[in-house]
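Chemist: Supplied in structure tokens, the structure appears directly below.
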Amino acid sequence: YLRYSYRNVERDAVVGVFTDNIFGGGGADVKGHEINFTVVLAAGTSARINYFNNEANLAAKRHYERFQLDLRFEF
């Protein structure tokens, strides 16, 4: 499973407290790319790799990159 998303959260679009805290480090006035790749390891077990490449324009422009690995177990 592969997913790509581009978001542009403008400065006054939402209250910063309610934004995604992983995308761009949280807050508003952030734009960028998100790529997710999920693979099933076994029955009820999967792994997901997330890559974020964002630009935040809070007080000054800031480049934001993050890799994240999630393991999911269902029982």
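The values are calculated or read from the model by the stated rules, or taken from the named source; none is laboratory data. Keep in mind that what you see is a predicted model, and the values were worked out from it rather than measured. Note: ideal-geometry Cβ built from the backbone for every residue, glycine included; neighbour counts use all protein chains shown. These area figures cover heavy atoms from the full protein model, side chains too; ligands, DNA and RNA do not enter into them. Shrake-Rupley method; radii C 1.70, N 1.55, O 1.52, S 1.80 Å.
Chemist: When only DSSP loop residues count, what GluC sites (Glu not before Pro) in segment 43-75 have their Cβ near at most 13 other Cβ atoms within 10 Å? Write down the numbers at each step before the final one.
Modeler: Values: sites: 55, 65, 74; in loops: 74.
Of the GluC sites (Glu not before Pro), the ones in loops of segment 43-75 whose Cβ has at most 13 other Cβ atoms within 10 Å are 74.
Chemist: Here's another thing I want to ask about it. For a label point 7 Å from the Cα of residue 43 along Cα→C-beta, name the residues of segment 50-75 whose backbone N is under 14 Å from it.
Modeler: 74-75
Chemist: Got the relative contact order for the chain handy, in percent, Cα pairs under 8 Å and 6 or more residues apart? List each step's numbers first, then the result.
Modeler: Working: 162 pairs, mean separation 19.7, N = 75.
Relative contact order of the chain: 26 percent.
Chemist: Students often get this wrong, so try it: which of [x] 59; [y] 43; [z] 39 is percent of Cα pairs over 20 Å apart as calculated from the structure shown?
Modeler: Only one option fits the structure, namely [z].
Chemist: Here's a follow-up. If you roll a 1.4 Å probe over segment 7-56 with all protein chains in place, what percent of the accessible area is carbon or sulfur?
Modeler: Carbon plus sulfur share of accessible area: 57 percent.
Chemist: Quick one: accessible area per residue over the chain, 1.4 Å probe, rounded to a whole number of Å²?
Modeler: Values: 5450 Å² over 75 residues.
Spelled out: the 1.4 Å probe surface of the chain, per residue, equals 73 Å².
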